[in-house]
Every structure is written in structure tokens, then in C-alpha cells.
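The values are calculated or read from the model by the stated rules, or taken from the named source; none is laboratory data. Only a predicted model underlies this, so the values are computations on that prediction, with no experimental measurement involved. As a convention, Cβ positions derive from the backbone with ideal geometry for all residues, glycine included, and neighbour counts pool all protein chains shown. Accessible surface is based on the protein model in full, side chains and every heavy atom, while ligands, DNA and RNA are left aside. Shrake-Rupley method; radii C 1.70, N 1.55, O 1.52, S 1.80 Å.
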Amino acid sequence: MTWRRRSIFDLMREYMERFEEMAEEIFEEAFGKPSWDVDSRTLKPLSDITVTPREVIITVDLPFAKPETVRINWVREDMIEVNAKMRTKVRFEDLGVSHREGEFSSFHCPIQLPVPVENREVKISFKRGILEIRLPRKRGYRIRVE
Amino acid sequence: MSKPVRIVERRSIQSGAKMLQGLPDVGLVGVIAASHIISKLKMSEVAYIDTDLLPPVIVLQEGLPHSPVRIFGDGNLLVLVSDIAISIQAIQPMMRAITDWIEEKGVEIVISLGGLATPNRQNIETPKVYGAGSNFESLEILKEKNIKIIERGFLVGPQALLLQYCAEKEIPAISLLAQSFYNYPDPEAAAAVITALNQIVEVPVNVSELLEKGEEIRLRMRDIMRRTQSEMMRMRKSQEYDIPHYYVA
């Protein structure tokens, strides 16, 4: 058997493929459930994750959210959750749905982190109804380029 | 053998119409803009798409079933819009069938309304609108209206194919793309694209309501955005970010 040393490009490709697979899995899982929960009166907001060499940048779309009520909690090392109260209660009827009953007053969004991050020096901003969380990445090992 | 995509007319279509396309894409810019135009002009359904390539979904409206992909009309204005994300398997046959129908009906010009995903969109106060055309005539229209042309780059999705298929058939077609969020519904970008559209085709709708009701629109469109995002990933929509390779023309 011929053994070939994996180049940095192989590693990057594998990393991207793994990231895409993970994103697909998250999507498939998300579609099996509604984006609302009547019991907890919460809506699941849209969110996005970008991994840069230094940071993990998470954005969450929070229309009608009261900025002062936005809370970010660490659930475990690789997961955070975002909660926020809405300025106004929204009923199914307000969303054009007449065959369901219930109202919603807050957002709840668990977010799986794709790479290890530090829980210190977290930067948070809220602009145009969009929450942005910047988490510094944990420094791992370096691959030497020969 | 029956065609994979049929366009079923509910009303007769007059020749020489202008057609807008607002299928789901980045920021749902086209869907939001097209829905706003349909609602404000009180347009009615004139045709619908019938195909086994879409998931088995119907849209209920006042208790009655409708196809999720429909063409609305009012006078000589037609608007193509969808209530569901278009799956990658359906896009090519559907856009080919729509282009054939556009040719058959003698549509004068086709204008796609869409978004151009822009990182850090939340820092942009007023989204800029860029354009692309199916032929020199279309590009001339954009130049006359001072709409900046996307000279080089990639377009992916329904509006990209419509531009290409219209070019093959020498049908004037334009894509108007406003800077937008990639995966968040963007009513501000929809307002910008309607404003640009009005320079080319007069569509008497006020965009201020889109801005005032922005939060409500974002809330209502979470589910279609989520499903569109999944399809965009499958069609490699992110290729629009790619820098085209160097070559000597």
C-alpha cells in the first residue's frame, strides 16, 4: 500500500466537507420539527455561523426583539443558546394561520459550535435587529508547512 | 410522453407583456418584492406551474388548493412567484419550460428581482442594486438608467438560468440584484430592487410599507428562508462569492 502524506489542501478539503455534512445534518434535523413551540411560547429564529481563522461569528435574526432582554448562555462547551423577549406577542392569526392556536412572546435558539472556542473576550452587538456574537477560537496545534 | 413541466393558463395572456420573476433566492429579495407588487396591485393568478419535479405540496388559499408556483397578472404585467423553495432537481426543467412559455406568449421583456449576498450587510444603510442582461439591448437599458452592470462573476439559481435561456432565444432579460443578506429575509433589499425596477418598468407601488413592516416580513418568512437556504446549499449558491479565474479574452 502506498502511503501519501496529506497536504494542507487535503486537510482543508476534508474540513470543508465535514463542515458541509454537518450543516446538512443540522438542516435535516431542523426540518423535522416546527420552528415554533406553543408550550414554551417561543419561536426559533434564523441563525448563521461563519468560521474565520481567529473567530467563530454567529448571527441571529431577531425581529421584534427587545435588545435589553437578549441572553446568551453556555449549555455545554460546544453549544450556546440565545434567548430574547419580543416587544409584542405574536399569535398564529397574526402570521396568517387560522387553523392553529397559540401565541409567542420570545425567541429561543440553541447553536452548536463547529470548532472549539474560548468563552472569554466574547464580543456582542445588536444592529438592525440582528444579533452578532464573536467568539475567539481556541488555539489548536499548528501544521508545519515544509 | 407528457412534458415534465406544464404551464397551465387560467386566463388568456396578452402578447407584449412585461414579466417579473421573484422566485426564492438569497434574502428572499425576489419573493418579498414580487409579493408586495402582487398584493399592492391586487393582481390575480393567470397561470400556474404543474410538475412532478416539485415536492407534493399545495398552497391553500381561502380553503382552496393552488400550485405553489404561480404567475399573477394585471394588464400587461406578469409576475412569477413561488410559495416554496425550488428544489435543485426542478430548477433547470422549470426555467426551460418558463422560457419556452415566455417566447410563446411574446413577452416583451423579463426582469428578475433578486439579491446579491453581501457580507456585513447589516452595516449597509441603503443597498446598492446591480444588473446583468441577456443581450446588448438589455445592457443598454441598464446603462441608460445608471444601474451598475456586473461585468464578470458567477450567478447561480433561477435568475441565472432565466438570463441564459432568454439569451439563447434572443429575449430581452435583465437581472436586478440588490445587496442583501444571504440567509435572512431582506425587505430593505426588496425595496431597493423595486425602486430600481421602476426606472425600467413603471410599477406604481409604494415601497415605504416594505420598510415599515420589515420586522413582520422577517418573522413571517423564517420558514421559507430556512428551506431556501437548504436548496441554495445544494445548488452551490456560494459560488457567487468566487472570484472568476484569469483569462485572456
*Can you name every residue in the stretch A:50-105 that is modelled with pLDDT under 95, within 22 Å of the chain's Cα centre (by Cα), among the β-branched types (Val, Ile, Thr) and over 24 Å from B:TYR182 (Cβ atoms)?*
A:VAL75
_Residue satisfying condition, being at pLDDT below 95 and open to solvent by 10 Å² or more (accessible area, probe 1.4 Å), within set B:GLU108, B:GLU103, B:GLU188, B:GLU202_ = B:GLU202
*For the stretch B:165-177, how many residues meet the condition of being farther than 17 Å from B:LEU142 by Cα and of a type outside the set (Asp, Glu)?*
2
*Go over the candidates B:GLU144, B:GLU151 one by one and state the one that is modelled with pLDDT of 95 or more, more than 30 Å from B:GLU215 (Cβ to Cβ) and surrounded by fewer than 18 Cβ atoms within 10 Å (Cβ to Cβ).*
B:GLU144
*Please tell me if B:SER134 is of a type in the set (Ser, Thr, Tyr), under 28 Å from A:ILE130 (Cβ atoms), open to solvent by less than 40 Å² (accessible area, probe 1.4 Å) and in contact with a helix residue (DSSP H, G or I) (Cβ under 6 Å, 6 or more places away or on another chain).*
no
*Determine whether the stretch B:117-124 contains at least one residue that is within 16 Å of the chain's Cα centre (by Cα) and at pLDDT below 95.*
yes
*Search the stretch A:1-49 for residues being exposed (fewer than 11 other Cβ atoms within 10 Å of the Cβ) and β-branched (Val, Ile, Thr), and hand back the single one that is modelled with the lowest pLDDT.*
A:THR2
*Restricting attention to the stretch B:210-245, which residues are assigned to a helix (DSSP H, G or I), open to solvent by 60 Å² or more (accessible area, probe 1.4 Å), away from chain A (no Cβ under 11 Å) and in contact (Cβ under 8 Å) with a residue 40 or more places away in the chain?*
B:GLN239, B:TYR241
*Being in contact with a Gly (Cβ under 9 Å, 6 or more places away or on another chain), under 29 Å from B:VAL26 (Cβ atoms) and more than 14 Å from chain B (Cβ to nearest Cβ), is that true of even one residue in the stretch A:54-62?*
no
*asked:* I'd like to check something: does the stretch B:47-60 contain any residue that is over 26 Å from A:LEU46 (Cβ atoms), open to solvent by 20 Å² or more (accessible area, probe 1.4 Å) and within 16 Å of the chain's Cα centre (by Cα)?
replied: yes
*Members of the stretch B:65-90 found to be crowded, with 17+ Cβ neighbours inside 10 Å and among the polar types (S, T, N, Q), listed by number*: B:SER67, B:SER82
*Of all residues in the stretch A:75-88, which are touching a residue at least 12 places away in the same chain (Cβ under 8 Å) and more than 12 Å from chain B (Cβ to nearest Cβ)?*
A:VAL75, A:GLU77, A:ASP78, A:MET79, A:ILE80, A:GLU81, A:VAL82, A:ASN83, A:ALA84, A:LYS85
*asked:* I'm checking my understanding of the structure. Among residues of the stretch B:198-209 that are in contact (Cβ under 8 Å) with a residue 60 or more places away in the chain and part of a helix (DSSP H, G or I), which one is nearest to the other protein chains (Cβ to nearest Cβ)?
replied: B:GLU209
*Could you give me the residue pairs with C-beta distances under 9 Å whose first residue belongs to the stretch A:63-74 and is within 14 Å of another protein chain (Cβ to nearest Cβ) and under 20 Å from B:GLN122 (Cβ atoms), whose second residue is open to solvent by 60 Å² or more (accessible area, probe 1.4 Å) and among the aromatic types (Phe, Trp, Tyr) wherever it lies, and which are 6+ apart or on separate chains?*
A:ALA65/A:PHE126; A:PRO67/A:PHE126
*Long-range neighbours under 8 Å by Cβ, at least six apart or interchain, first residue more than 15 Å from B:THR195 (Cα to Cα) within the stretch B:137-151, second hydroxyl-bearing (Ser, Thr, Tyr) and modelled with pLDDT of 95 or more*: B:ILE149/B:TYR130; B:ILE150/B:TYR130
